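The values are calculated or read from the model by the stated rules, or taken from the named source; none is laboratory data. Keep in mind the model is a prediction, meaning the values are calculated, not measured. FYI the Cβ positions are ideal-geometry reconstructions off the backbone, even for glycines, and counts take in every protein chain you see.
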């Protein structure tokens with residue numbers, strides 16, 4: 001098992017431990033990770049949530065190998081940590097990955113929660 005694969009598994013387990021995802025969702029993510037993991041694909045989707053003073057409040061990194069499975073989780077995660085009701089279209093993320101884009105692919109300011117959310121591909 002490569003170091004990145006192990007780190008990805010640990011991240012999923014930490015999300016379960018912190019209550020960010022259910023154990024069932026975590027199991028599904030681990031299954032997808034094991035089924036789809038590829039040494040050639042070390043890219044991740046990174047989600048950062050900042051407050052109005054540009055201070056990082058929360059972040060998550062999700063391996064691209066499990067993007068389709070985790071797209072619903074990404075929307076839930078953003079809603080939970082930001083208090084926002086914004087919907088993130090998984091097709092935008094998937095198309096950006098297919099086009100080999102890097103950097104910020106989605107960014108918005110939620111006035112109600114006063115938080116800025118950005119999703120990037122690293």
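If the condition is being under 25 Å from residue 107 (Cβ atoms), modelled with pLDDT of 80 or more and surrounded by fewer than 17 Cβ atoms within 10 Å (Cβ to Cβ), then segment 23-58 contributes 46, 51, 52, 53, 54, 55, 56, 57. Filtering segment 70-122 to residues that are outside any strand (DSSP E or B), over 23 Å from residue 11 (Cβ atoms), modelled with pLDDT of 70 or more and touching a helix residue (DSSP H, G or I) at 6+ places or on another chain (Cβ under 8 Å) leaves only 113.
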